[in-house]
1. Hey, can you grab everything whose amide H is under 5 Å from the amide H of Ala61? Only 5+ residues off in sequence or another chain; H modelled, so Pro and N-termini drop out.
2. Using 1/(1 + (r/R0)^6) with R0 = 22 angstrom and r between the beta carbons of Glu172 and Leu201, what's the FRET efficiency to the nearest 0.05?
3. Report the local net charge at Val168: Lys and Arg +1, Asp and Glu -1, summed over other residues whose C-beta lies under 12 Å from its C-beta.
4. Note down the relative contact order for the stretch 96-213 as a percent, whole number, built from C-alpha pairs under 8 angstrom at least six residues apart.
5. Which residues' amide hydrogens lie under 5 Å from the amide hydrogen of Arg167, considering only partners 5 or more residues apart or on another chain, with H built in the peptide plane?
6. Where does each of Met25, Met217 land when they are ranked from fewest to most other beta-carbon atoms within 10 angstrom?
7. Quick one: net charge of Asn43's neighbours, Cβ under 10 Å, K/R +1, D/E -1?
8. Just to verify a number: FRET efficiency for Glu33 and Phe82, C-beta to C-beta distance, R0 = 25 Å, to 0.05?
Amino acid sequence: MKKLIVCLLAALSFAVPAFASEGGMVLDRFPLEKVNDPAALQNGARLFVNYCLNCHAANFARYNRLRDIGLTEDQIKKNLLFSAEKVGENMKVAIDPRQAKDWFGATPPDLSVIARSRGSAGGTGADYLYTYLRTFYRDDTRPTGWNNLTFPNVGMPHALWELQGQRVAKFEEEADPHEEGKKVHVFKGFQQVQPGQLTELEYDNAVADLVGYLKWMQTLDVGSRDVRGAAGMSSHAMLEAAQEGRRASYRVSNGHGGEPLRRGGQRERDTRCIRGTDIHHERPR
């Protein structure tokens with residue numbers, strides 16, 4: 001029952017407006033090469049089935065489509081077929097969505113196209129998810145015990161905390177550069193308080209694999225795609241490049257400098273407040 005409640009809280013958090021990070025911080029760039037890497041997609045599929053499918057369906061995807069990323073039917077049956085009986089079935093949720101709606105007033109959203117729907121002028125949906133899943137931290141003031149730098153006061157608990165471990169966020173109070181006499185909390189960094197199963201680099205790579213799978217899965221509603229062949233990918237890459245150019249122009253015009261956030265070294269400060277909060281951010285460059 002505890003696990004079910006956590007899953008439903010996570011589901012409700014996905015139902016809120018998609019642009020919570022807009023105006024607050026620059027999104028990290030998702031490594032696009034993951035979408036064309038069968039090994040990364042296979043690992044992403046494993047993470048999705050083990051950590052996401054308990055609460056969220058993917059009704060545009062069938063288990064047998066995982067053969068497109070190099071898995072055999074036998075591998076799918078033995079390792080990934082938990083909430084269905086046949087590989088030809090859709091990726092259905094493990095809980096009854098009707099009960100979820102009755103209990104909490106909302107059905108857990110389908111994640112088939114979540115990587116597309118989260119896109120904004122500040123970055124792609126994959127950029128959002130890649131940043132979001134890497135910026136959770138412990139916060140005892142929140143009902144779930146978790147908060148998120150990308151989405152402040154999010155209702156979703158950290159589903160991947162066993163992999164990443166537990167961190168706290170460090171903030172310092174500074175003068176608001178936009179309003180005289182007002183103080184704001186400026187983010188200074190994370191502090192690891194409990195190690196996870198993965199190192200920081202391994203966790204970032206795992207999240208990239210998961211987001212890569214979510215991004216690949218969004219194409220399944222519009223036709224077949226086999227990442228084992230490169231045919232047909234050039235137009236997709238050209239579209240991504242064009243979109244990145246528009247996003248870079250947007251970031252420059254809005255004071256971001258057009259550069260993604262990077263770990264270590266000098267720091268870059270985004271002095272604009274997150275919508276609905278008084279938190280400013282100083283992120284690693």
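No lab work stands behind these numbers, since they all come straight from the coordinates. Please read these numbers as outputs of a predicted model, since none were measured by experiment. Neighbour counts run over all protein chains shown; Cβ positions are idealised from the backbone, glycine included.
1. So Ala61 has HN proximity to Met91.
2. Details: r = 27 Å, r/R0 = 1.22.
Computed FRET efficiency for Glu172 and Leu201 comes out at 0.25.
3. Details: positive: Arg138, Arg167, Lys170, Lys188; negative: Asp139, Asp140.
My count for the surroundings of Val168 gives +2.
4. Numbers: 154 pairs, mean separation 21.7, N = 118.
About 18 percent, as a whole number.
5. For Arg167, the qualifying residues are Arg138, Val193.
6. Details: Met25 23, Met217 26.
Ordered by Cβ neighbours within 10 Å, fewest first: Met25, Met217.
7. Working: positive: Lys34, Arg46; negative: Asp37, Asp209.
Overall, the nearby charge balance is 0.
8. Values: r = 29 Å, r/R0 = 1.16.
Calculated transfer efficiency: 0.30.
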